[in-house]
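Contents: one structure, followed by commentary.
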Amino acid sequence: MSWHPQYRSSKYRHVYGKAASKDKCYDCVPITRNVHDNHFCAVNPSFIAVVTECAGGGAFLVIPIKQTGKLDPHYPKVCGHKGNVLDIKWNPFNDFEIASCSEDTTVKIWDVPNQLLKRNITSPKKELLGHARRVGLIEWHPTASNILFSSGYDYKIMIWNLDVQQTVLSSPVKIIDAHKDVVLSMSFNTDGSLLATACRDRKIRVIDPRAGTVLRETTYKSHRVNKVLFLGNMGKLFSTGTSLWNNRQIALWDQNDLSVPLLEEDLDGSSGLLFPIYDSDTHMLYVVGKGDGNIRYYEISPEKPYLNYLMEYRSHLPQKGIGTMPKRGLDVAACEIFRFYKLIPTKSLIEPVSMIVPRRSESYQEDIYPFTAAAQPALTAQEWLRGINKGPLLVSLRPGSEAVNSLPQFLEPEPRMETADLSQQRGWGGRLPLEDKQKRTRGEIEDGRKWLKVEETLPKNDEMCLSNGFDVFECPPPKTENELLQMFYRQQEEIRRLRELLNQRNVQIKQLELELRNLCMDAGTY
């Protein structure tokens with residue numbers, strides 16, 4: 001009796017890793033020899049930053065993303081810290097602002113010039129003084145601008161509001177004092193309303209960051225956690241650590257019940273740390289081993305078995321740290337869905353590794369590129385501090401697309417808009433104000449004009465309008481079976497394009513209706 005593996009349909013079953021050629025790597029980079037368990041690398045579409053060796057203090061390099069090849073040994077550094085730099089993170093909403101933390105107990109915010117660095121940067125934009133011991137972790141808030149979290153060896157997590165004029169801040173807006181040991185990892189859920197932490201006391205905690213209270217905490221003893229990660233809107237947590245037998249282990253948790261993991265699996269007996277990295281757009285989870293050259297990747301599903309193993313990228317070059325490119329910096333023409341930057345200190349090399357979905361078509365593949373987080377904040381710092389939650393603004397990765405408003409808050413089941421409008425009319429005594437009708441009419445007209453302008457400004461020779469170089473609607477009728485198939489595929493591409501335009505328009509219509517409903521409710525209070 002033969003064994004047949006269970007078939008599971010997925011667009012990402014055949015994803016493979018492809019290392020960049022030598023000329024597209026970053027060579028002769030003096031990577032830090034610090035043994036701290038961090039990524040030591042931060043990447044955005046403009047720059048790659050990497051912690052480096054520096055005498056008399058801590059420093060890191062900021063290299064333009066296109067400046068590959070050998071690095072000048074005298075290349076300028078960002079070197080304002082008095083101790084070793086332990087973590088660096090780019091501002092997700094500003095490609096020219098980066099935060100760093102150090103053993104000197106400070107957190108510093110730096111402005112990076114648009115052009116190539118010509119001299120060392122020694123003066124930070126802001127300096128955050130609050131921790132009593134070295135600062136090991138920093139994280140930017142995922143949806144609110146200018147909110148930064150820092151965690152130090154004083155067992156405290158501090159929340160900083162950078163939207164102020166002062167250059168030196170000594171008092172954070174909130175101090176979370178809920179840990180009995182060093183915090184090893186921090187992770188936010190999608191809208192940043194919850195914070196998950198992994199602590200050296202081997203516990204996972206889910207915290208309300210604004211209240212500073214622990215909502216849930218693990219009591220499970222068989223999994224000694226090192227890193228923890230929110231899995232987007234899946235309602236689950238993923239952690240890496242070690243078992244009682246010191247095997248490297250992964251575990252999956254229900255974020256509302258941390259008593260027992262949903263899934264627990266031993267990987268191997270290596271001693272290196274495991275870095276989990278989650279792509280909430282494709283629901284793919286990557287597990288990167290420190291000290292080895294492997295990257296395992298899985299697909300997350302909401303039902304059992306939850307974790308579906310896909311494949312493993314193997315390399316003989318061990319990585320000390322890892323950087324990840326935001327989705328907006330990927331090469332969509334090559335069907336690249338993720339990109340890592342491996343720090344290889346034995347070779348003084350930074351090697352990009354692209355995760356690619358094998359496709360033959362050279363056109364934009366919208367089915368593997370769902371809407372992703374844009375580079376604009378959904379909230380201001382003050383709005384978030386006042387208790388407002390909002391998911392990230394979303395953008396299509398199709399070239400030329402613009403950001404649209406956040407969708408997660410609209411995913412809850414709601415009554416149809418017509419019913420909501422009727423209930424509002426009853427609340428106003430059965431009448432709809434004339435001003436509201438005029439606003440609705442003006443909004444619809446402006447929306448229609450906007451879309452007409454967008455369609456008029458679309459380039460005539462763009463891939464969105466053409467398929468393989470021919471106009472879909474002006475091709476001669478097919479004469480052979482091969483030509484008929486080609487025409488069919490072109491029409492399918494055109495249908496996909498029109499569906500995307502229609503979906504974007506529907507999203508904007510829904511946003512306008514919600515804004516209109518809010519305006520009407522405000523008008524009804526007078």
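The values are calculated or read from the model by the stated rules, or taken from the named source; none is laboratory data. Owing to the predicted nature of the structure, the values given are computational and were not obtained by experimental measurement. Note that we place each Cβ from the backbone using ideal geometry, even for glycine, and neighbour counts take in every protein chain shown. Each accessible area value is taken on the protein alone, full model and side chains, heavy atoms only, with ligands, DNA and RNA left out. Shrake-Rupley method; radii C 1.70, N 1.55, O 1.52, S 1.80 Å.
Overview of values
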{"quantity": "Qualifying positions in segment 480-502 - farther than 16 Å from Gln365 by Cβ, surrounded by 14 or more Cβ atoms within 10 Å (Cβ to Cβ) and modelled with pLDDT of 80 or more", "calculated": "Gln491, Leu501"}
{"quantity": "Candidate set: segment 382-401, residues that are farther than 24 Å from Pro45 by Cβ and touching a residue at least 40 places away in the same chain (Cβ under 8 Å); chosen: the one most open to solvent (accessible area, probe 1.4 Å)", "calculated": "Gln382"}
{"quantity": "Cβ-Cβ under 8 Å pairs, at least 6 apart or on other chains, segment 500-514 side touching a residue at least 60 places away in the same chain (Cβ under 8 Å), far side buried (at least 16 other Cβ atoms within 10 Å of the Cβ) and in a helix (DSSP H, G or I)", "calculated": "Glu500/Glu366; Leu512/Gly443"}
{"quantity": "Qualifying positions in segment 99-149 - touching a Pro at 6+ places or on another chain (Cβ under 8 Å) and among the charged types (D, E, K, R)", "calculated": "Lys108, Lys118, Arg119"}
{"quantity": "Search result, residues across segment 121-155 that are of a type in the set (A, V, I, L, M, F, W, C), closer than 20 Å to Cys79 by Cα and surrounded by fewer than 21 Cβ atoms within 10 Å (Cβ to Cβ)", "calculated": "Ile121, Leu129"}
{"quantity": "Residue ID - farthest from Val51 (Cα to Cα), chosen from residues in segment 109-119 that are aliphatic (A, V, I, L, M) and not in a strand (DSSP E or B)", "calculated": "Leu116"}
{"quantity": "Strands (runs of 3 or more DSSP E) lying entirely in segment 232-301 (those with 2 or more residues that are open to solvent by 50 Å² or more (accessible area, probe 1.4 Å))", "calculated": "263-268"}
{"quantity": "Pair list, Cβ < 8 Å and 6+ apart or interchain, from segment 179-204 residues that are aliphatic (A, V, I, L, M) to residues that are open to solvent by less than 20 Å² (accessible area, probe 1.4 Å) and part of a loop (DSSP other than H, G, I, E, B)", "calculated": "Leu194/Pro209; Leu195/Pro209; Ile204/Thr218; Ile204/Leu258"}
{"quantity": "Residues of segment 213-231 that turn out to be open to solvent by 20 Å² or more (accessible area, probe 1.4 Å) and either at positive phi or touching a Phe, Trp or Tyr at 6+ places or on another chain (Cβ under 6 Å) (or both), as a count", "calculated": "1"}
{"quantity": "Subset of segment 65-84 [open to solvent by less than 30 Å² (accessible area, probe 1.4 Å) and within 23 Å of the chain's Cα centre (by Cα)]", "calculated": "Ile65"}
{"quantity": "Conditions (1) modelled with pLDDT under 95; (2) open to solvent by 10 Å² or more (accessible area, probe 1.4 Å); number of the one not met by Val43", "calculated": "(1)"}
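Every residue, every condition in (1) of a type in the set (A, V, I, L, M); (2) touching a Cys at 6+ places or on another chain (Cβ under 6 Å); (3) at pLDDT below 95; (4) farther than 29 Å from Ile48 by Cβ, yes or no:
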| residue | (1), (2), (3), (4) |
| --- | --- |
| Leu343 | yes, yes, no, no |
| Val353 | yes, no, no, no |
| Arg360 | no, no, yes, yes |
| Glu366 | no, no, yes, no |
| Phe371 | no, no, yes, no |
| Ala375 | yes, no, yes, no |
| Ala378 | yes, no, yes, no |
| Gly387 | no, no, yes, yes |
